[in-house]
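K.L.:
Sharing a structure here in C-alpha cells format.
The values are calculated or read from the model by the stated rules, or taken from the named source; none is laboratory data. On a predicted model such as this, the values are computed, not experimentally measured, just so you know. Here the Cβ is made from the backbone with ideal geometry for all residues, glycine too, and neighbour counts use every protein chain on show. Surface areas here come from the heavy atoms of the whole protein model, side chains and all, with no ligands, DNA or RNA. Shrake-Rupley method; radii C 1.70, N 1.55, O 1.52, S 1.80 Å.
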Amino acid sequence: MRDYKPGAQLTGDVRTAARDKAAQLYGQGCTIRSVAAQLGRSYGGTRVLLLEAGVQLRGRGGGIRKAGA
C-alpha cells in the first residue's frame, strides 16, 4: 500500500488512504510499530494518522515492574 515514497509528506487522498489503512490494521490487533512497518512510515507519523482517524489507542500492556526486581 505504498503510493508514496517513504518519508514523504502525506497529503490529500494519499493521506486519507494511509490513515484508513492504519486504522484498519490497528483495529485488527497490529501494534503501532507493525502498522508503521507495513506502511513504511515512522512510529510517530503512524501514531498521528491513528489519532486523526479517531482511533482510541490501546495501553502498553505488560505488568508493572517492582523496584529491585
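K.L.:
Is there any pair with a first residue in region 17-30 that is assigned to a helix (DSSP H, G or I) and a second that is of a type in the set (Ser, Thr, Tyr) whose Cβ atoms are under 7 Å apart and which are 6 or more apart or on different chains, and what are they?
P.N.:
Sorted first by the residue in region 17-30, then by its partner, the pairs are 22/46.
K.L.:
Would you mind stating whether residue 54 is loosely packed, with under 13 Cβ neighbours inside 10 Å and at pLDDT 95 or above?
P.N.:
yes
K.L.:
What are the residues in region 31-43 that are open to solvent by less than 20 Å² (accessible area, probe 1.4 Å) and without any contact (Cβ under 8 Å) to a residue 12 or more places away in the chain, if any?
P.N.:
If the condition is that a residue be open to solvent by less than 20 Å² (accessible area, probe 1.4 Å) and without any contact (Cβ under 8 Å) to a residue 12 or more places away in the chain, then 36 is the only one that fits.
K.L.:
Taking residue 17 as the residue in question, decide whether it is within 9 Å of the chain's Cα centre (by Cα) and either at pLDDT 85 or above or open to solvent by less than 60 Å² (accessible area, probe 1.4 Å) (or both).
P.N.:
no
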